[in-house]
Amino acid sequence: MSITTRFAPSPTGYLHVGGARTALFSWLYARKHGGKFILRIEDTDLERSTQESVNAILEGMSWLGLDYDAGPFYQTQHFDRYKEIIQQLLAQGDAYYCYCSKDELEQLRADQMANKQKPRYNGKCRDSGALDPSKESVIRFKNPVDGVVTIVDLVKGDIVVANKELDDLIIARGDGTPTYNLTVVVDDMDMRVTHVIRGDDHINNTPRQMNILKALGAVVPEYAHLPMILGADGARLSKRHGAVSVMQFRDEGYLPEALLNYLVRLGWSHGDQEIFTIDEMVEYFELDDVNVSASTFNMEKLLWLNHQYIMNSDPVHVARHLSWHMGQLGIDPAEGPNLVDLVNAQRERSKTLVEMAASSVYFYKDFDAYDDKAVKKNFTAGSDEVLARLHDEFVNVSEWTGEVAHQIITDLAEVLGLNMGKVAQPLRVAVCGSGVSPAIDITLSLLGQEKTLRRIEKAINYIRSLK
């Protein structure tokens, strides 16, 4: 059997982490089994769906690297097909016109609640017959009243639901537009989806959708309902827990592979392994290994994982993502040291690309002020003379390298009878503006001779102005 999975978000907001995990698991399952992965935009909620949200979903999928084999398909482009299926169900006697008013339905619900009954449509119009154009109506699916529906869930095991517990859901609104439970069935049928992998908030929809598929004579796909993702407080993950938009993680300096690695471990495991390459995820992933219980989103764990990826990923890859963050700071990465060299210099001390970019600005732009604590500690009596001696040595260097600069610093410290810190630290503050930077030889190499000399001159003048 050829495997086909799909990710079918509703464009009423950004791509959130729960949706991203669903997309990832669907993508992994298709890639694992040589199948097809489809992106479908379920945009039939015309009031809430926006092009901005569609763009956010596409941008999130692209940033994560979750490529799709078909799509994006838009449900609003398939209305004729949905109407055709609705008419088929009416003709078969598997759907009917319902003329119950909103007030009637609200009263029915209130009465059922008062009697401690499960709120559900009572089937009043099940035998309504042909359409009466003089009355407002919706179209309902005539759900079987006997027997059971068994969901053979690949994550949760068998789930058995009695048909008498399911009411006759609306499949077409009063204006003729199809509802979610109808469109998703038609699309899964037409796109020959074999495995529906989605959040367990859809479990209530699944038996209803299975009954519609059976009424249409369609092959029922296999289902896998993923457990929810919780915040640290045990509540379902939401905006109040902080970053839940995929692109917000990009903005905060996370690598997409780190987020994917974190998401795949939210509800799935392969032994005790914590860090996976994308290829390893594809190789090891199986729905049998997805946990039944909910997972808790832990920002500290994600931050740790991101640091691991920054330290161990190909520096060329990290540099490509860092470039965007440098641009956000108004810096053209081409107007300074090579970004790959910068990544190699800064990766140990940077947990996010935002941190790396912010701590690298001085390599590209001159700073306006020195850090006060660094000045008090390192711009002490005689430090201007040390810097002047360094300047005299540096200005005569014909081939500027970190090794040459380091040797000059070492030799001068020995001549002056000072430890290395008394020479290197004033120099670091002079060229960086603070007392923190990569190793001084690497720092000077990245800065280049011209910037180094100019900043030493500026620091000498500054120190002498304090006297």
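The values are calculated or read from the model by the stated rules, or taken from the named source; none is laboratory data. The structure displayed is predicted, hence computed values, not measured ones. Virtual Cβ from ideal backbone geometry, glycine too; neighbours counted across all protein chains shown.
Data table
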| read-out | value |
| --- | --- |
| Selected residue (only one of Q75, Q51, Q88 is polar (S, T, N, Q) and crowded, with 19+ Cβ neighbours inside 10 Å) | Q75 |
| Condition check for I159: surrounded by fewer than 17 Cβ atoms within 10 Å (Cβ to Cβ), outside any loop (DSSP other than H, G, I, E, B), at pLDDT 95 or above and not charged (D, E, K, R) | yes |
| Scope the stretch 362-396; condition crowded, with 17+ Cβ neighbours inside 10 Å and under 44 Å from the mean Cα position of the chain (by Cα); matching residues | Y362, F363, Y364, Y370, A374, V375, N378 |
| Those helices (runs of 4 or more DSSP H) lying entirely in the stretch 188-290 with at least 2 residues closer than 28 Å to P315 by Cβ and modelled with pLDDT of 95 or more | 246-251, 256-264, 278-284 |
| Residues of the stretch 111-166 that turn out to be touching a strand residue (DSSP E or B) at 6+ places or on another chain (Cβ under 7 Å), free of Cβ contacts under 8 Å to residues at least 40 places away in the same chain and more than 22 Å from T179 (Cβ to Cβ), as a count | 5 |
| Within the stretch 98-123, tally of residues that are closer than 24 Å to P133 by Cα and either surrounded by 13 or more Cβ atoms within 10 Å (Cβ to Cβ) or over 42 Å from the mean Cα position of the chain (by Cα) (or both) | 10 |
| Checklist (1) among the small types (G, A, S); (2) at pLDDT 95 or above; (3) surrounded by fewer than 11 Cβ atoms within 10 Å (Cβ to Cβ) applied to A95, failing item | (3) |
| Condition met for D146 (exposed (fewer than 12 other Cβ atoms within 10 Å of the Cβ) and modelled with pLDDT of 90 or more) | yes |
| Candidate set: the stretch 402-461, residues that are among the basic types (K, R) and over 20 Å from K373 (Cα atoms); chosen: the one nearest to the chain's Cα centre (by Cα) | K451 |
| Neighbours by Cβ (under 9 Å, 6+ apart or cross-chain): first from the stretch 316-332, among the charged types (D, E, K, R); second modelled with pLDDT of 95 or more | R320/L339; D332/M326; D332/Y364 |
